[in-house]
1. Divide by every residue of the protein assembly as shown the summed helix terms, -39500 (n - 2.57) for each DSSP H run of at least 4, and state the resulting mean residue ellipticity at 222 nm, rounded to the nearest 500 deg cm²/dmol.
2. From the square roots a ≥ b ≥ c of the eigenvalues of the alpha-carbon gyration tensor of region B:1-126, which class results: rounded (a/c under 1.5), prolate (a/b over b/c), or oblate?
3. Tell me, B:Ser243, A:Ser35 in order of fewest to most beta-carbon neighbours within 10 Å?
4. Too long at a 31 Å Cα-Cα cut-off: which of A:Lys86/B:Lys177; A:Lys145/B:Lys97; A:Lys135/B:Lys204; A:Lys165/A:Lys199?
5. Out of region A:1-97, which chymotrypsin sites (Phe, Trp or Tyr not before Pro) are coil in DSSP terms and have no more than 14 other C-beta atoms within 10 Å?
6. Once the piece of chain linking B:Glu21 and B:Asn263 is laid out straight, how much longer is it, given 0.36 nm per residue of separation minus the C-alpha distance between them?
7. Report the extension gain between B:Leu171 and B:Ser90 in nm, rounded to one decimal, defined as 0.36 nm multiplied by the number of residues separating them, less their alpha carbon distance.
8. Region A:74-135: which trypsin sites (Lys or Arg not before Pro) are DSSP loop and have at most 16 other beta-carbon atoms within 10 angstrom?
Amino acid sequence: MGPFIMNPEGVGRIFAPLGAFADGPFPTFYEPVESPTDNLLHPKQTHNPVVKRYKTPFDKYGSVKDGFDVVCTTYRLTEHYHYWTKNNPMNVQLVPEPFVEIPEEMARERGIQGGDHVRVESARGEYTAKAMVTKRIKPMVINGKKTYQIGIPIHWGYRGIWEDKQREEGAHITNVNVLSPTVIDPNAYTPEFKGFLVKVTKV
Amino acid sequence: MSQATLRVQKISGHAGTVPGEDTQRQYTVAKLVDTTTCIGCKACEVACVEWNDMPFSPTTFDNTYQTMPETRWNYWNLITFDEHEKEDGSLMWLMRKNQCMHCAEPGCLAACPSDGAIVQYTNGIVDFQQDKCIGCGYCISGCPFNIPKFNKETKRVYKCTLCTDRVSEGLEPACIKACPTGCLHFGSKEDMLVLANERAKQLKDHYSFPNAGVYDPQGVGGTGVIYVLHDATQPELYGGLPSNPTIPLMVKLWKGPLKWLGNIAMVGGILGLFVHYLRFGPKDRDETPSEGARP
């Protein structure tokens, strides 16, 4: 006997009124809008056809063909809270400045060493920070192709202890969110900041 | 940071017995750091700096999540971050809260020549008394864990106090209170060892850590900070934690046999002088003037 003993038909039901979901009601797999590969499950439609997008001149998308060959993800650190704590000396003491985490193998291939400045470019903007070479991000093999991934913590940009000092020295500060695409999940409105394509060059 | 409710059991550079020694028994306290559940959030670092009211010191990017390469005179608690690749290719990100280990037989206390600058309380806490510190830095060479740090401005040495001010009031240290994952525990050494061994057994039996174990090095008589490690056979992986820490040989020699040799030589010298006087009497001045010495 199944668990649905209260239903006369003895199986589960799903209640999904028309209009409650922009897509679905059953989940499926789509690649991000900027993806290094094709979708094996849906070869004709690699990403979600009903994603919401901003339609401004800044909202451009890159592909591996255009040279955007590295997968980038953005995240937060335990030591900082969004964009507030970069003004607090205590948190700045723990993590003093922005960085880009780069897999060891990729760094070796491109001659990047820990502490070198790297420029990360997407179709939408660019971001420069020091490289943190790490073993924690491993190269991936996607559809038989070796693909690198980098990671950038989001906590810097605008004004802060480090930013103000850099500006005095004439540096151009950008926020990492200029890299990520404004592609939004049609139901939950979650932006697609965890997977997009970039170019990485040593400055 | 002398505390009235804490009794002293060992005093540095002190001749004779310790006043009030053994008049009172206390539980030996210990911190338990379970490195397997540490997430490296550094809350304990912040709690330490804030509770002890220490000034901020600037740091620089160093290709790691670790706040600074080693502890400073005003930064007593530092999580070390190490990326370790196992033989099977899997990766472990090892985080260890590094601070004063509060050894049962402290090398710093043995090396210190200043009377009362370093004390050990009956509950096991090793504490520096900066008002009696002479700034010689011998404690730095006596410590097998590289913990005491010299402040060039005040010419004093500082380190973790195990929050004596909090512990003497029945509170846990600030770092323990701040830990969000429960990887830090505080209590009697006995209880902490039971807890640590239980956790190590759990790691061995239910997780794939056959070498899991407890770090409580006997080379320094056991420590007031004990670790549960994924791999207790290789403590060096955790930010260079020594596998068998001991008090440096020079400090041991200097404070043991050499000290007595020196004392014997000094007392012998004075005794010899005295015997010489008795045997030969005072030295006579040669009264005959030398030729041509005076016009």
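Computed from the coordinates by the stated procedures, all read-outs in this text should not be read as laboratory data. All values derive from a computational prediction rather than experimental measurement. As a convention, Cβ positions derive from the backbone with ideal geometry for all residues, glycine included, and neighbour counts pool all protein chains shown.
1. Result for the protein assembly as shown, helices only: -5500 deg cm²/dmol.
2. Working: a/c = 2.45, a/b = 1.94, b/c = 1.26.
Prolate, because a/c is 1.5 or more and a/b exceeds b/c.
3. Ranking B:Ser243, A:Ser35 by Cβ neighbours within 10 Å, fewest first, gives B:Ser243, A:Ser35.
4. A:Lys145/B:Lys97
5. A:Phe4, A:Phe15, A:Phe21, A:Phe29, A:Tyr54, A:Phe58, A:Tyr81, A:Trp84
6. Fully extending the segment from B:Glu21 to B:Asn263 adds 84.5 nm.
7. 25.1 nm
8. Sparse-neighbourhood loop trypsin sites (Lys or Arg not before Pro): A:Arg76, A:Lys135.
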